[in-house]
Each structure stands twice: as structure tokens, then as C-alpha cells.
Amino acid sequence: MCVLLVILIAGTGSATEVTLPHTQNWNTLSPWTKVYSGGELDGTQSAPGSASSSFKFTYPSGMPGGSAPDKIWVSIFPTQSEFWTQYYFKYSSNFYFHPGDNKQAYWSISGSKTNYYVSAEGQTPKMRMVFQRTGSDGKAGARYSNTGFNPTIQRNTWYKLKTHVVLNTEGSANGVFQMWINDQLVMSYDDISYLVGSDVGKEVGSMEYTPVFGGGSDQTKPATDFFWVDYTIISGSPSGSGTSPPPPNSGMIPSPPSKMQIM
């Protein structure tokens, strides 16, 4: 089953609440909430150093752009103005990349339509981040590699992705976004206005995997293909204990959350 992006981002009920830090090895779906029918646990695929399973999204042949196979998500307690995420991902050997965008994960601001997401852009895909704000400005902005390291995402290859976000304070474009791929810094920004108007002071309240195929229906999947995620870690700090993160543009790699082994 595939569903349109507008349905996925709004009005999909409630998710189970998790306390941070939280690790998901994908041997089980719980406590994540599965919304539709296009995803399942897969015991045949797992990331390096992970357990024996991952979560697989199946894109059926003929699926139109602007759709996703499924959505899995959790609510976060407490909500966070600073948020760290790590997960592994992999595209199947026959994966057809949308020429526009191939979305992976979203993070939403509690009590708001504002969100940000990461995606593999284009058919020679590079990772990017897009933030979308409540109000008339809609898609407020995108960020791309600014470090000199910008790998092309290959099929049939596991990647480890880390992100670090700090939401901006009132009246200031001082929000942070950092991304690492396989522990190499891809982008580092400290000039983002995630929150404006009535959203100022709100915090990240949920994370979801909603791997939307593009943004328009001009493209369709020529054959059934797959996208996997594995070994997800979400935390309010790099160590899970309130340790200060490295500043943007420092080139430092953050430590993973405590009590969690990263391979």
C-alpha cells in the first residue's frame, strides 16, 4: 500500500512515547508505531554491527511519485530543543531514484506543522536536509554539503547517518544542523531559522521514517524495489547525559549515546 505525502505528515493518529536516549535494533517493531502496510521487519538484511534484522520498506511497481510505502514513528519524551539521531540505511540493488527527491526520515516540532527531513536528492543522489515551517513560507529552506565531503549514495550499500539539530532561539537565525555519513562530516550550519512566530520555543516531539518517493506524480516506480533502515539511536545529547556537543564547523565527530556500541 502506498499513501500520499499529505496524508502521511498529517492526521495519522498517535505514536508510542519513548524516553531518551532510545535504541532500536529492529528485531521487533515495538515501541514504534506502524501506520500502513508497506513495511515489515526483515531478517535477511542487517547493518554492520547490528542485530539480525532491519526494517524494510517495499515500493511496488507502478507506485507514483509523492507516495511512500509506509510510515513508522515514535513520540519523544521529553520534547527536545537539541536532538541527535543515528541510523543505518540501504537501497536495493535495483532501486529507482526519483529525479527530484527520495525522502528518508522526518522530525516534527510538537504542536506544530513545522518539521525537517533528510533525503537523497536526485538520480545521482546526494544527501540534503529540508526544513518546512508552519505558515505561508511553506518549504523554508534546504541545506547541502558544505564541508568538501559529499558522497554519492550507492545502491546495495549500508550507510551510517548521524544528524545533530539545535533549534533556534527567538528572533535569531542561530539554529544548528550537522550531518555525518560513515562518521565523516558532510554539512555543518549554525544559521537556520527553524522556528518563527508562534512556533518559537517549541521543541522536537517525534521522529518518523516516511520514505516518500519524490514529491510529484510525474514519475512511477518501474519495478518493485526496497529501502531498509537499521540500528536507530535517538538522544537529546551526544552521550545521552547532557554533554555539550562539538560546535558547528569544528570538524569533530560526536560520541554516540552512552551504553550503546557503535560498530
> So which residues in segment 31-66 are more than 17 Å from Thr210 (Cα to Cα), modelled with pLDDT of 95 or more and small (Gly, Ala, Ser), if there are any at all?
Replying inline: Gly43, Ser46, Ala47, Ser53, Ser61, Gly62
> Name the residues in segment 51-104 that are of a type in the set (S, T, N, Q) and outside any strand (DSSP E or B), would you?
Replying inline: Ser52, Ser53, Ser61, Ser81, Ser92, Ser93, Asn94
>> For segment 82-99, which positions are of a type outside the set (A, V, I, L, M, F, W, C) and either crowded, with 18+ Cβ neighbours inside 10 Å or at positive phi (or both)?
In response: Glu82, Thr85, Gln86, Tyr87, Tyr88, Lys90, Tyr91, Ser92, Tyr96, His98
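This table checks each residue for (1) in contact (Cβ under 8 Å) with a residue 60 or more places away in the chain; (2) closer than 17 Å to Phe227 by Cα; (3) in contact with a helix residue (DSSP H, G or I) (Cβ under 9 Å, 6 or more places away or on another chain).
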| residue | (1), (2), (3) |
| --- | --- |
| Thr79 | yes, no, no |
| Lys103 | yes, yes, yes |
| Ser110 | yes, no, no |
| Ala120 | no, yes, no |
| Pro125 | no, yes, no |
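Among the candidates Asn182, Asn146, single out the residue that is without any contact (Cβ under 8 Å) to a residue 40 or more places away in the chain and over 29 Å from Ser217 (Cα atoms). Can you show your working first?
Values: Asn146 fails: without any contact (Cβ under 8 Å) to a residue 40 or more places away in the chain.
Asn182 is the lone residue from the list that is without any contact (Cβ under 8 Å) to a residue 40 or more places away in the chain and over 29 Å from Ser217 (Cα atoms).
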> When you look at Val196, is it closer than 29 Å to Pro48 by Cβ and either hydrophobic (A, V, I, L, M, F, W, C) or modelled with pLDDT under 95 (or both), yes or no?
Replying inline: no
> Restricting attention to segment 100-132, which residues are of a type in the set (Ser, Thr, Tyr), modelled with pLDDT of 95 or more, over 11 Å from the mean Cα position of the chain (by Cα) and surrounded by 20 or more Cβ atoms within 10 Å (Cβ to Cβ)?
Replying inline: none
> What about Asp218, is it in contact (Cβ under 8 Å) with a residue 24 or more places away in the chain, among the acidic types (Asp, Glu) and not in a loop (DSSP other than H, G, I, E, B)?
Replying inline: no
> Quick one: Ala140 ticks every box in (1) in contact (Cβ under 8 Å) with a residue 24 or more places away in the chain; (2) part of a loop (DSSP other than H, G, I, E, B); (3) over 17 Å from the mean Cα position of the chain (by Cα) bar one, so which box is it?
Replying inline: (2)
> If you go through segment 192-207, how many residues are under 14 Å from Val166 (Cβ atoms) and part of a helix (DSSP H, G or I)?
Replying inline: 0
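The values are calculated or read from the model by the stated rules, or taken from the named source; none is laboratory data. Values in this document were obtained by computation on a predicted structure and should not be read as measured data. So basically every Cβ, Gly included, is an ideal-geometry build from the backbone, and we count neighbours across all protein chains shown.
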